[in-house]
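Any read-out appearing in this document is the output of simple, stated calculations on the displayed coordinates, not a laboratory observation. What you see is a predicted model, and the numbers here were worked out from it, not measured in a lab.
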Amino acid sequence: MTTPASRHPAVRMGLSVAVATGLYGISFGALSVAAGFDVLQTMALSVLMFTGGSQFAFIGVVAGGGGGGAATGAASLLGVRNAVYGMQMNAMLRPGPLLRPWAAQVTIDESAATAASQAEPYGRRLGFWTAGLGVWVLWSALTLVGALAGNALGDPTAWGLDGAATAAMLGLLWPRLRSGDAWALAVTAALVTLVALPLLPSGIPILVAALVAGLWGWFRPAAATDAEAGAA
């Protein structure tokens, strides 16, 4: 007997992921208006850019005094992973021409992970769309709540919101630090950023750290493969 779509485990997982992730939208909305963006600009970032890490990076660079180029560069580097997810999801789900643009818009960490965790094609499609659309709706709605609340709160430093962006980014990244390599890269990137901060204009240190991470990812697999070959 086929499980109804509304009761499928992929739908339950997608909805739970949507709620947990969507709540971060409140923080983003409040931080965005505190960084100098108005409510419409804040909403445009969530509705159109729609990739949490890139959004926090964008407003963080601007809030720190960085220019639009540095902010866009930081956001783009963090968003490159979505292009990789997009290729994986396109091969896995094979959406039709009409659905493909919508699938691209909601391809994020959460929708890709929910789809990949399912064992059969039907569950993958349900999980992807439930998580992707669910996060998009809740993230956008709660961004508006946070933006309006941020305007009402006034001075963000009085409420500790000036440090909340760092805390939110740490919350997004922390679950990914599961291996020694991930920790080593995180510590290396942090040290590079600390060294670069007093030497480079605002917004550039994060780009330097991202370059280090990219070089790490490029050379590290080759080193690991050579080590395994030597052991064999």
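Summary table below
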quantity	calculated
Length-normalised contact order of the range 1-145 in % [C-alpha pairs under 8 Å, at least 6 apart]	43
In Å, descending, principal axis extents of the Cα set of the range 5-176	50, 33, 30
³J(HN,Hα) computed for each position of the range 20-27 - Karplus, 6.51 cos²θ - 1.76 cosθ + 1.60, integer Hz, glycine/proline x	4, 7, x, 4, 5, x, 4, 4
HN-Hα J in Hz across the range 8-18 - Karplus 6.51, -1.76, 1.60, θ = phi - 60°, x for Gly and Pro	5, x, 5, 5, 4, 5, x, 5, 5, 5, 4
Estimated vicinal HN-Hα couplings, Hz - the range 91-102 in sequence order (Karplus 6.51, -1.76, 1.60; Gly, Pro = x)	6, 7, 9, 6, x, x, x, 6, 8, 4, x, 5
